[in-house]
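The values are calculated or read from the model by the stated rules, or taken from the named source; none is laboratory data. This is a predicted model, so every value here is computed, not measured. Here Cβ is always computed from backbone atoms with ideal geometry, including for glycine, and neighbour counts include all displayed protein chains. What goes into the accessible areas is simple: the full protein's heavy atoms, side chains included, and nothing from ligands, DNA or RNA. Shrake-Rupley method; radii C 1.70, N 1.55, O 1.52, S 1.80 Å.
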Amino acid sequence: MKIATAQFTCAPADISANVRLIASLAGEARALGAELVVFPELALTGYELEALRARRDLWVRADDPRLDAVRASGVATVVNCAAVTGGERPAIETLVFGPDGELITTYRKQHLFEHEQDVFVAGQHDGRFEFGGLRFALATCFDNHFSALVSRGAAEGCQVHLASSLYGTGGGVEELAAVYPGIAKDFGLHVVVANHVGPAGAWTGCGRSAVWAAGGDLLAQADADIPMVVTAEVG
């Protein structure tokens, strides 16, 4: 299966603008022959924690009509967002839509990073789905630093590990370069990470979205400072 990872600079707290960008990049991934495309953490709003704390209109549900263009892209999409929980805080949630727009599964980030703990609620369940004959595991940014979460996916027969993330310039470059090929090598999983590029809230995304083969070989990697889609064959 050909899988794509897409990196871009989010429009701050603007779901409509980001949906247009996501749909365009999904279309590009489809044109490149990809069957599935992964987007960065909080791709629908950007990593705008203060806005997400204050504005419930930035929280979405899987059936939100504002996502119609994403569902109509004709390719399976892995889109991370702030999701309604029924409580006073949203969750950092991944929505997986199939190529015909149906909701395949959702996953809520379990390991919230420091400042996220005051804004979001943590998820309690692992994310899994099957598509195109492969079994996938889902994780979001800081989740990937917890080997127990990753190992459960491998133990449950997953072949591909998908990560929506935000790693910034500086130390984030080294973290991204160590964590994800390490998962591929240590757990025998294909690994796909989608990262921000450019301004992302208080951070500057370092790009370098990538795909690694099971075992740790780099298959494809985006540039450090350009919005783009890259693809690789996995499975």
Query - Backbone N within region 152-187 under 18 Å of label point (7 Å from residue 145 Cα along the Cβ vector) - result: 163-184
Query - Ellipticity estimate at 222 nm from DSSP helix runs (n ≥ 4, -39,500 (n - 2.57)) divided over the chain, nearest 500 - result: -6500 deg cm²/dmol
Query raised in the report: Counting Lys and Arg as +1 and Asp and Glu as -1, what is the net charge of the other residues whose Cβ lies under 12 Å from the Cβ of residue 56?
Result: +2
Report task. For residue 115 and residue 228, calculate 0.36 nm times their separation in residues minus their Cα-Cα distance, and state this gained length in nm to one decimal. Result -> 37.8 nm
Query raised in the report: Are there GluC sites (Glu not before Pro) in region 12-76 that DSSP puts in a loop and that have at most 12 other Cβ atoms within 10 Å, and which ones?
Result: none
**Report entry** For the chain: rounded, prolate or oblate by the Cα gyration tensor [a/c cutoff 1.5]
**Finding:** rounded
Query - Largest to smallest accessible area among 59, 203 [probe 1.4 Å] - result: 203, 59
Report task. Taking only Cα atoms and a 10 Å spring cutoff, compute GNM fluctuations for the chain and point out the largest among 74, 170, 216. Result -> 170
Report summary line: When the charge dipole of the chain is computed with +1 at the Cβ of Lys and Arg and -1 at the Cβ of Asp and Glu, the Cα pointing farthest to the positive end, of 94, 133, 122, is that of 133
Query raised in the report: How would you classify region 91-191 from its alpha-carbon gyration tensor, with a ≥ b ≥ c the square roots of the eigenvalues: rounded for a/c under 1.5, else prolate if a/b is greater than b/c, otherwise oblate?
Result: oblate
**Report entry** Proximal charge balance of residue 162 [Cβ under 15 Å; K/R count +1, D/E count -1]
**Finding:** -1
Query raised in the report: Ignoring ligands, DNA and RNA, what percent of the accessible area of region 1-105 is carbon or sulfur (1.4 Å)?
Result: 49
Query raised in the report: Which whole-number value in Å² is the accessible area per residue of region 169-235, probe 1.4 Å?
Result: 42
